[in-house]
Amino acid sequence: MGFCAGIVGLPNAGKSTLFNLIAGTHIPCESYPFCTIDPNIGIASVPDENLKIIADIVKPEKITPTTLEVIDIAGLVKNAHKGEGLGNQFLGHIRSVDMIIHIVRCFKDPNVAHVYGEINPASDMETVLTELIMADLEIIEKRINSMEKELKVGKKETSDLSLDLLVSLKDMLSKGKPIRDANLALNPSQMKAHGFLTAKPYLVVANIDEEALSGSDYLKAIQQWGDKKNITVVPLCVKFELEASELSPEERHDFLASIGLSSSGTQNLIKACYDLLDLITFYTPVGKELRAWTLKKGGTLHDAAGLIHTDIQEGFVKADVACLDDFVKHKGMHGAKEAGKVLVEGKEFALRDKDVVVIHFR
Ligand SMILES: Nc1nc2c(ncn2[C@@H]2O[C@H](COP(=O)(O)OP(=O)(O)OP(=O)(O)O)[C@@H](O)[C@H]2O)c(=O)[nH]1
Ligand SMILES: [Mg+2]
């Protein structure tokens with residue numbers, strides 16, 4: 001059960017650069033619009049400093065971070081829903097993602113063209129959001145049409161979205177409001193199955209220059225926009241972070257420090273994605289491998305075992321669980337056990353963020 005984020009934005013906003021940064025890939029990023037045509041799908045290793053802390057204690061042969069899938073698509077432009085540009089054709093590729101990362105350009109660079117001639121983050125945001133809304137509107141109208149036809153010939157409503165509800169969603173979208181604002185009583189997997197883009201958890205990456213780290217008018221504008229709409233805005237200097245990610249850990253530290261950063265903004269972004277998706281991380285320091293895993297908040301040891309292997313889930317007997325602080329303080333599971341800090345739990349136990357877990361199975 002992996003989690004997947006789709007990246008959207010205007011052409012040249014830095015989508016593919018962000019994709020390379022998160023997924024550790026080298027797909028082309030050029031200064032002309034529509035550099036990306038076919039969608040790119042990548043797997044991001046989630047950076048996690050706790051893995052090193054645990055590894056210093058358990059000395060594993062192999063460390064496996066947890067992952068997040070990312071999809072990068074072509075840029076969206078005004079009237080994409082009427083066939084302008086290329087992006088709209090590819091929105092279908094992100095209908096099944098768990099969340100949307102919307103990247104907006106806040107960096108100045110005369111060598112990188114802006115499709116509308118000047119940088120205007122709030123207006124750029126609205127342009128892309130309108131296209132997402134129009135894409136949902138199109139789907140809803142199709143559903144309403146086919147449902148009306150079915151009802152006319154006497155079929156009963158079977159969908160978890162009634163005709164009345166679809167009509168009220170259509171009304172919302174027509175007024176420029178995302179489906180997210182409707183607070184529908186559907187669970188995330190139902191919402192995912194419906195594929196509505198504006199119903200997905202959503203955050204904004206403000207792609208800033210390194211000079212703007214201490215604040216810029218563009219960044220301020222987008223932060224005010226986010227505050228007003230209750231949307232998370234993560235400032236990130238994507239190009240700079242990408243250059244930093246290609247250095248050794250020591251060089252990276254100095255490189256980031258040279259512009260006054262103590263840690264990478266990529267970690268802040270991944271953390272924001274985790275918060276938005278309500279995810280937690282747990283660790284299994286078993287045998288030669290130390291591994292991090294991702295689980296929905298509230299997930300149980302039964303769910304955790306299923307992630308690792310169906311045999312482990314089926315043969316589950318019990319698990320030793322220590323919180324990370326105790327594990328570190330007592331230098332491992334053995335020490336934590338001696339200090340009385342290890343819980344022995346059954347499959348219904350809901351894991352907490354950063355638990356260290358050893359599952360016993362038959
Ligand atoms: N100066 C500066 N340039 C950036 C930054 N981020 C991206 N760029 C440059 O902007 C250009 C476009 O970046 P891409 O990542 O290809 O943009 P995109 O959104 O994928 O563009 P399309 O695929 O054409 O829609 C490239 O030349 C990047 O190097 C940044 O933070 N600062
Ligand atoms: Mg691109």
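The values are calculated or read from the model by the stated rules, or taken from the named source; none is laboratory data. From a predicted model like this one, the values you see are computed outputs, not experimental measurements. Cβ: placed from backbone, ideal geometry, glycine included. Neighbour counts: every protein chain shown. For the accessible areas, the whole protein counts, side chains as well, though only heavy atoms, and no ligand, DNA or RNA atoms are used. Shrake-Rupley method; radii C 1.70, N 1.55, O 1.52, S 1.80 Å.
Expressed in Å, the radius of gyration and Dmax of the Cα atoms of the chain are 22.8, 70. Measuring max minus min along each principal axis, the C-alpha atoms of the stretch 154-230 give extents of 64, 25, 15 Å (largest first).
Excluding ligands, DNA and RNA, the accessible surface per residue across the stretch 4-276 is 49 Å² with a 1.4 Å probe. Within a straight-line Cα-Cα reach of under 18 Å, Lys152 can be paired with the following lysines, leaving aside sequence neighbours fewer than 8 residues apart in one chain: Lys142. Solvent-accessible area of the chain (1.4 angstrom probe, protein heavy atoms only): carbon and sulfur portion equals 50 percent. Selection among Ser174, Ile101, Thr281 by position relative to the dipole of the chain gives Ser174 as farthest towards the positive end (Cβ unit charges, Cα centre).
Show which aspartates and glutamates lie in cross-link reach of Lys177 when reach means a straight Cα distance below 19 angstrom and same-chain residues fewer than eight apart are skipped. Those aspartates and glutamates meeting the cut-off are Asp124, Glu126, Glu131, Asp136, Glu138, Glu141, Asp164, Asp227. The loop-placed GluC sites (Glu not before Pro) in the stretch 103-180, going by DSSP, that have at most 15 neighbouring Cβ atoms within 10 Å of their Cβ come out as Glu118, Glu157. Averaging the Cα positions of each part gives two centres, and for the stretch 212-271 and the stretch 301-320 these lie 38 Å apart.
Rounded to the nearest 500, what is the 222 nm mean residue ellipticity of the chain from helices alone, with -39500 (n - 2.57) per DSSP H run of 4+ residues and division by all residues?
Computed ellipticity for the chain at 222 nm equals -11500 deg cm²/dmol.
Here the relative contact order of the chain, from alpha carbon pairs under 8 Å that lie six or more residues apart, stands at 18 percent.
Prolate is the label for the stretch 298-361, because a/c, from the alpha-carbon gyration tensor with a ≥ b ≥ c as root eigenvalues, is 1.5 or above and a/b exceeds b/c. In the structure shown, the pairs Lys170/Lys192; Lys149/Lys200; Lys200/Lys228; Lys59/Lys297; Lys59/Lys296; Lys297/Lys318 are assessed against 25 Å; a Cα-Cα span above that value is assigned to Lys149/Lys200; Lys59/Lys297; Lys59/Lys296.
Computed from backbone phi, the HN-Hα couplings of the stretch 341-347 come to 9, 10, 8, 10, 10, x, 5 Hz, rounded to whole numbers (Karplus: 6.51 cos²θ - 1.76 cosθ + 1.60, θ = phi - 60°; Gly and Pro given as x).
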